[in-house]
Amino acid sequence: MKANARRIEFRYAKIYFYSRAFLMSLFMITALAIFGQGFEIPTIWSVSFALIIIMTLLIFGISPLLTTHWLTRTRLVLRRGWYFRTIIPLNDITSIQAYDGESRLGLNLSLHSSTLFVTSSRVDLVNIKLKKPRRFIQMFGLAAKNVIFNVEEREKFLNAINERLGSFSPIETKGPDA
């Protein structure tokens, strides 16, 4: 957890991404060795293939190592590398609690339970229930009402977000100021 006057940053488990980066690097080296040995491929094709693999490694293997989730005064920003970012206003949250149920690794959407999984491990999970289903462009515009994600310091995160949720003043629906 890294604190700032305006936001608090919460890290998530990175071992999933270390293994992914290692496997992607191994794939890249193997593929280039096979193509280099077995076929006569024009240099431009070899360079293009290498660049595609390197960009994939950067985006999906290394970029998650550089990002954290943010909790600001009025919103929660969930990030997973350069390929997933969503901003959830705290006003849109119905409830938030620790989650110890069954989960999926990665960025997955369960249609039958309307749950989005943004996880890199199966421990220290948090479940957010939204007031209404929300569409996620990274999931091809499909909607989810629950978002399950992981943070390294779950108890500190839950305390911080409950403190922020409790700081909103109630809205008067009746009276002269309504």
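The values are calculated or read from the model by the stated rules, or taken from the named source; none is laboratory data. In this text, all values refer to a predicted model and were calculated from it rather than measured experimentally. Cβ: placed from backbone, ideal geometry, glycine included. Neighbour counts: every protein chain shown.
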Residue by residue through segment 1-17, note down the ones that are closer than 11 Å to K156 by Cβ and modelled with pLDDT under 55.
A3
Exactly one condition in (1) under 25 Å from R122 (Cα atoms); (2) in a helix (DSSP H, G or I); (3) of a type in the set (A, V, I, L, M) is false for A50; which is it?
(1)
Pick out the one residue from L71, L78, L58 that is hydrophobic (A, V, I, L, M, F, W, C), within 11 Å of the chain's Cα centre (by Cα) and either under 30 Å from I8 (Cβ atoms) or assigned to a helix (DSSP H, G or I) (or both).
L78
Residues being surrounded by fewer than 19 Cβ atoms within 10 Å (Cβ to Cβ) and either more than 18 Å from the chain's Cα centre (by Cα) or touching a residue at least 60 places away in the same chain (Cβ under 8 Å) (or both) - total across segment 121-135:
4
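This table checks each residue for (1) part of a strand (DSSP E or B); (2) of a type outside the set (F, W, Y); (3) farther than 21 Å from G101 by Cα.
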{"site": "V126", "(1), (2), (3)": "yes, yes, no"}
{"site": "K129", "(1), (2), (3)": "yes, yes, no"}
{"site": "K132", "(1), (2), (3)": "yes, yes, yes"}
{"site": "R135", "(1), (2), (3)": "yes, yes, yes"}
{"site": "Q138", "(1), (2), (3)": "no, yes, yes"}
{"site": "V147", "(1), (2), (3)": "yes, yes, no"}
{"site": "E155", "(1), (2), (3)": "no, yes, no"}
{"site": "N159", "(1), (2), (3)": "no, yes, no"}
{"site": "L165", "(1), (2), (3)": "no, yes, yes"}
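F35: more than 28 Å from N150 (Cβ to Cβ), surrounded by 12 or more Cβ atoms within 10 Å (Cβ to Cβ), of a type in the set (A, V, I, L, M, F, W, C) and touching a residue at least 12 places away in the same chain (Cβ under 8 Å), yes or no? Please lay out each step first, then the result.
On the way: more than 28 Å from N150 (Cβ to Cβ): yes; surrounded by 12 or more Cβ atoms within 10 Å (Cβ to Cβ): yes; of a type in the set (A, V, I, L, M, F, W, C): yes; touching a residue at least 12 places away in the same chain (Cβ under 8 Å): yes.
Yes; evaluated as a whole, the condition is true for this residue.
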Is it the case that I87 is assigned to a strand (DSSP E or B), under 15 Å from the mean Cα position of the chain (by Cα) and exposed (fewer than 15 other Cβ atoms within 10 Å of the Cβ)?
yes
Only one of (1) outside the structural domain of K132 (by TED's automatic domain parsing); (2) modelled with pLDDT of 85 or more; (3) among the charged types (D, E, K, R) fails for E40. Which number is that?
(2)
Condition set of a type in the set (A, V, I, L, M), over 20 Å from F17 (Cβ atoms) and within 15 Å of the chain's Cα centre (by Cα), scope segment 136-151, selection surrounded by the fewest Cβ atoms within 10 Å (Cβ to Cβ): answer is I137
